[in-house]
Amino acid sequence: MSGRTLWDSRLGAAATLVIAPVAVLLFVLTLPVTGPLLAWSEWRADKRKRAAVVDWPCGRCGEVLGLAALTRADAVFGAHVRTAFAGKGMLRLRVVRDLDACCLACDAGHRWDRAASAFVLLSVDEFERTYATALGEVRA
């Protein structure tokens, strides 16, 4: 066994020169179909989330979340992102959105579990630690 791989040989280099353009061509040709399909899938998932939140009880206090909980979660997460990026200049941060609904009665955060089509209560301690300043901005 010499330790050489297929890609070390001339055949491997030639295969790379053929496979890469074919892969790019396939991507470009399928983009007009996959783009609208992805947009439609996101629209349908958002519609499903909006339909569920109307009747979904809060996992902490039991009040119905309603559409206002989605709007409040957008405001709280927006304030959180603004404070996270404040003073960072050109530094890039990776922010993962884990807040989809915020109860108006008790400020509990909920995440939308797409696979189960259900809202999941976030850990109260972690939620308050992460979003404390953002909740203060939204309340004011």
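Side notes on the structure shown:
- Residue in the range 120-135 that is at pLDDT 90 or above and under 16 Å from R72 (Cα atoms) present: yes
- Residue in the range 98-113 that is farther than 19 Å from W43 by Cα and in contact with a His (Cβ under 9 Å, 6 or more places away or on another chain) present: yes
- Single unsatisfied condition, E128 versus (1) outside any helix (DSSP H, G or I); (2) surrounded by 14 or more Cβ atoms within 10 Å (Cβ to Cβ); (3) out of contact with any strand residue (DSSP E or B) (no Cβ under 8 Å at 6 or more places or on another chain): (1)
- Residue that is surrounded by the fewest Cβ atoms within 10 Å (Cβ to Cβ) [pool: residues in the range 79-95 that are among the small types (G, A, S) and without any contact (Cβ under 8 Å) to a residue 40 or more places away in the chain]: G89
- Failed criterion for A15 (all others in (1) within 24 Å of A134 (Cα to Cα); (2) touching a Leu at 6+ places or on another chain (Cβ under 9 Å); (3) modelled with pLDDT under 85 hold): (1)
- Residue count, the range 52-97 (criterion: in a loop (DSSP other than H, G, I, E, B) and at pLDDT below 90): 12
- Subset of the range 99-117 (residues that are crowded, with 24+ Cβ neighbours inside 10 Å and either part of a loop (DSSP other than H, G, I, E, B) or not hydrophobic (A, V, I, L, M, F, W, C) (or both)): C103, G109, H110
- Residue check, D98 in contact with a helix residue (DSSP H, G or I) (Cβ under 7 Å, 6 or more places away or on another chain), touching a residue at least 24 places away in the same chain (Cβ under 8 Å) and of a type outside the set (A, V, I, L, M, F, W, C): no
The values are calculated or read from the model by the stated rules, or taken from the named source; none is laboratory data. Keep in mind it's a predicted model, so treat the numbers as computed, not measured. Here Cβ is always computed from backbone atoms with ideal geometry, including for glycine, and neighbour counts include all displayed protein chains.
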